[in-house]
Amino acid sequence: MALVDKNSNFIALVYILWLLIIAVVENLEVVLVKIEGSKPVLVTGHTSGYDAPTLDKSANVSPQLMNYNSNQLTFRFTRPLGANGARNHKLDECQTWNFVKEGGLEGGAIGVHTSKPVPVKVCPKECKKSIIH
């Protein structure tokens, strides 16, 4: 379920197996959840191509729920719709997000995804339906 609350925060609730990348098409903004020692860790960053993302020193989203059990990850985070993070990315306009459900760590670093990204047009300001993939 994805909603916009009264404070213009985007709220996302996502169920996946291993790794999720939410990305905007150009100058990719990413939100990743990686599993380290059976614990979910939320990080943000950006990409400039097909290489692994450059991670932010601190996440620019606020985790609301983080649970990993029986190989299923459930997490929810919020972030403002307006300019946010080191790159001042905005979510107030429609954009394409790419959902990647499977990937891995290579030597502790984020590795390549092992499944094809699923592109979804998302309008966070208007979002009133599920965008779970």
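Worth pointing out:
- Segment 1-46, subset polar (S, T, N, Q) and surrounded by 18 or more Cβ atoms within 10 Å (Cβ to Cβ), residue modelled with the highest pLDDT: 44
- The set of residues in segment 87-116 being more than 16 Å from the chain's Cα centre (by Cα) and in contact (Cβ under 8 Å) with a residue 40 or more places away in the chain consists of 105, 109.
- When segment 39-73 is filtered for residues that are within 17 Å of residue 87 (Cα to Cα) and hydroxyl-bearing (Ser, Thr, Tyr), the ones remaining, listed by number, are 44, 47, 48, 54, 58, 62.
- Check on residue 67, at pLDDT 85 or above, closer than 13 Å to residue 34 by Cα, out of contact with any His (no Cβ under 9 Å at 6 or more places or on another chain) and of a type outside the set (Ser, Thr, Tyr): yes
The values are calculated or read from the model by the stated rules, or taken from the named source; none is laboratory data. Being a predicted model, the structure only gives us computed values, none of them experimental. As a convention, Cβ positions derive from the backbone with ideal geometry for all residues, glycine included, and neighbour counts pool all protein chains shown.
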